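Next up is a structure, given as C-alpha cells.
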Amino acid sequence: QVQLVESGGGLVQPGGSLRLSCAASRNIFSVYHMGWYRQAPGKQREMVARISSAGGSTKYADSVKGRFTISRDNAKNTVYLQMNSLKPEDTAVYYCNAKLIPGDDPSTGSWGQGTQVTVSS
C-alpha cells in the first residue's frame, strides 16, 4: 500500500493561488492513477481532478475547470494541484488518492491525511 502526504494548504484571499503537493512513498509511483478530492463541512467528498498513471489523461470537476491544473512528476513520486482564481466555495480539506485501477471510483485507492484550504478575505 502506498503512503501519501499532502502539503501546501493554507489561508488565501479570494482570487489568490495555492499549489498543493502529494508525495508518495512508493518508487513504483508511476503505475498509480492519482486524484485530488475535497470535502467541505457538511458535504460529501467530491473529485476535484485526477490524472492517469503516465500523465496523459486528466479529468476535472466542472466547478474547477479552467482554474485548477493537476500534474505529476513521476521522478519525484509527487502529484500537484495548482489552484488559481480561488473562490470561497473552494474552501475544504483536500485529499490525495492513489489507485491502480483507472476510472472515477476512488474507493480502491489509498488516501492521504488531507490538507486544509481556506479561501477568505
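The values are calculated or read from the model by the stated rules, or taken from the named source; none is laboratory data. Quantities reported herein were computed from a predicted structural model and do not represent experimental measurements. Quick reminder, even Gly has a Cβ in these numbers, built from the backbone with ideal geometry, and neighbours come from all protein chains shown. Each accessible area value is taken on the protein alone, full model and side chains, heavy atoms only, with ligands, DNA and RNA left out. Shrake-Rupley method; radii C 1.70, N 1.55, O 1.52, S 1.80 Å.
Name the strands (runs of 3 or more DSSP E) wholly within the range 51-121 that hold at least 2 residues that are of a type in the set (S, T, N, Q)? Give the derivation first.
Details: elements: 58-60, 68-73, 78-83, 92-99, 115-119.
Of the strands (runs of 3 or more DSSP E) lying wholly inside the range 51-121, those with at least 2 residues that are of a type in the set (S, T, N, Q) span 68-73, 78-83, 115-119.
Whether any residue in the range 31-51 is open to solvent by 40 Å² or more (accessible area, probe 1.4 Å), over 28 Å from Ser120 (Cβ atoms) and not β-branched (Val, Ile, Thr) is what I want to check.
No, that holds for no residue.
If you don't mind, there's one more thing I want to ask. Which members of the range 5-27 meet the condition of being under 20 Å from Val64 (Cβ atoms) and either at pLDDT below 95 or touching a helix residue (DSSP H, G or I) at 6+ places or on another chain (Cβ under 7 Å) (or both)?
Pro14
Taking interchain pairs and intrachain pairs at least six residues apart, which have beta carbon atoms under 9 angstrom, with the first residue in the range 34-52 and over 18 Å from Asn84 (Cα atoms) and of a type outside the set (A, V, I, L, M) and the second assigned to a loop (DSSP other than H, G, I, E, B) and open to solvent by less than 80 Å² (accessible area, probe 1.4 Å)?
Matching pairs, first to second residue: Gln39/Gly114; Pro41/Thr91; Arg45/Pro106; Glu46/Ala40; Glu46/Ala61; Glu46/Ser63.
If you check Ile101 against the conditions, is it modelled with pLDDT under 95, open to solvent by 60 Å² or more (accessible area, probe 1.4 Å) and touching a Ser or Thr at 6+ places or on another chain (Cβ under 6 Å)?
yes
Mind counting the residues in the range 21-56 that are within 11 Å of the chain's Cα centre (by Cα), under 13 Å from Asp73 (Cβ atoms) and not hydrophobic (A, V, I, L, M, F, W, C)?
1
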